[in-house]
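The values are calculated or read from the model by the stated rules, or taken from the named source; none is laboratory data. This is a predicted model, so every value here is computed, not measured. When we count neighbours, we look across all protein chains shown, and the Cβ atoms used for this are built from the backbone with ideal geometry, even at glycine.
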Amino acid sequence: MIQSMTGYGKSVIQLPTKKISIEIKSLNSKNLDLNTRMPSLYREKELAIRKLIASKLERGKVDFTLYMEITGEETSTQINKTVVKQYIKQLKEVVDGDETELLKMAIRLPDAVTTERDEMDEDEWEEIAREINSALEKIQQYRVDEGKSLESEFFDRVQNISDLLDEVIAMDPDRIEAVRERLHKGVAELKEKVDESRFEQELVYYIEKFDITEEKVRLKNHLDYFIKALNSDDSNGKKLGFISQEMGREINTIGSKSNHAPMQKLVVQMKDELEKIKEQLLNVL
């Protein structure tokens, strides 16, 4: 079953003095491109978070964000009362002013407010790590659901190409006969006497250059292989991309060899279906 690289997962946990919100978003990318944003308190766990995300998501442009909102009464920011009083005393020596106004000035001066760096509690981290896993499970499920939608479209597109190929196969005998008649007519218009035996030999050689039997067989095999890969247990967008490239080669060769307007019209339709497949394959994990 294929998975999309597009996904979103969110998880929220309420701790005694803070609320932690975790968001993970992903878009398509050739490799894993991971960006993280989190408070400095949790930076020491960034490597562990990156390893965890890499083990779960494999590919995609991934944005991981950890928000922290203080909800308790405790705060790590404290007013340095001694320093503030000294500032007010010095300010009084410079200007006469209201105590409140002097306090407003003093509180803005350096070292008037100090912030103690919190130490991360390991029990708290274990709870946060569980929520990160929960967010990862949600984004993985999102990717699976998006993959089902892509899978349905791929089946339809491949079936359309297969139906067009059947039309090409049915049309092929008439195409060869039309080429033969066109060549006979061209020689007749020259009003030159030719060796019929020699002409038939040259005609067979010429028509063989337009033979698309191998291309039809290979394209059919590629279509079957694409469906088989879609039905496999793993999601491999790169593999499907390689198969689609091979499909494109056969379709292009059929177009260049066709020398027949109705068949070339079918080839254009096959190319259109294949391009739509390739566009969506960019989103497959």
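State the number of residues belonging to segment 41-55 that are touching a residue at least 12 places away in the same chain (Cβ under 8 Å) and either polar (S, T, N, Q) or crowded, with 16+ Cβ neighbours inside 10 Å (or both).
Selection size over segment 41-55: 6.
Take the residues in segment 93-129 that are in contact with a strand residue (DSSP E or B) (Cβ under 8 Å, 6 or more places away or on another chain) and surrounded by fewer than 17 Cβ atoms within 10 Å (Cβ to Cβ); name whichever of them is modelled with the highest pLDDT.
GLU127
Go through segment 4-54 residue by residue and tally those that are within 16 Å of the chain's Cα centre (by Cα) and among the aromatic types (Phe, Trp, Tyr).
1
Return a yes/no flag: does segment 67-81 have any residue that is of a type in the set (S, T, N, Q), surrounded by 14 or more Cβ atoms within 10 Å (Cβ to Cβ) and either out of contact with any Gly (no Cβ under 9 Å at 6 or more places or on another chain) or not assigned by TED's automatic domain parsing to the domain that holds LYS104 (or both).
So in segment 67-81, the residues of a type in the set (S, T, N, Q) come out as 71, 75-78, 80.
Retained after the next criterion (residues that are surrounded by 14 or more Cβ atoms within 10 Å (Cβ to Cβ)): 80.
Applying the additional criterion that residues be either out of contact with any Gly (no Cβ under 9 Å at 6 or more places or on another chain) or not assigned by TED's automatic domain parsing to the domain that holds LYS104 (or both) yields 80.
Yes, because at least one residue in segment 67-81 is of a type in the set (S, T, N, Q), surrounded by 14 or more Cβ atoms within 10 Å (Cβ to Cβ) and either out of contact with any Gly (no Cβ under 9 Å at 6 or more places or on another chain) or not assigned by TED's automatic domain parsing to the domain that holds LYS104 (or both).
Could you tell me which of the residues VAL284, VAL267 is closer than 30 Å to TYR142 by Cα, touching a residue at least 40 places away in the same chain (Cβ under 8 Å) and hydrophobic (A, V, I, L, M, F, W, C)?
Going through VAL284, VAL267 in turn, just one is closer than 30 Å to TYR142 by Cα, touching a residue at least 40 places away in the same chain (Cβ under 8 Å) and hydrophobic (A, V, I, L, M, F, W, C): VAL284.
If we scan segment 206-222, do we find a residue that is β-branched (Val, Ile, Thr), buried (at least 17 other Cβ atoms within 10 Å of the Cβ) and free of Cβ contacts under 8 Å to residues at least 24 places away in the same chain?
The answer is no; no qualifying residue exists.
Conditions: (1) crowded, with 18+ Cβ neighbours inside 10 Å; (2) farther than 23 Å from GLU127 by Cβ; (3) over 15 Å from the mean Cα position of the chain (by Cα); (4) of a type in the set (A, V, I, L, M). MET1 meets all but one. Number of the miss?
It fails just one condition, (1).
Scan segment 238-257 and tell me whether some residue there is assigned by TED's automatic domain parsing to the domain that holds ARG180, touching a Lys or Arg at 6+ places or on another chain (Cβ under 7 Å), surrounded by fewer than 16 Cβ atoms within 10 Å (Cβ to Cβ) and hydrophobic (A, V, I, L, M, F, W, C).
no
How about segment 25-86: which strands (runs of 3 or more DSSP E) wholly inside it have at least 2 residues that are within 30 Å of ILE107 (Cα to Cα) and out of contact with any Pro (no Cβ under 9 Å at 6 or more places or on another chain)?
60-70, 77-79
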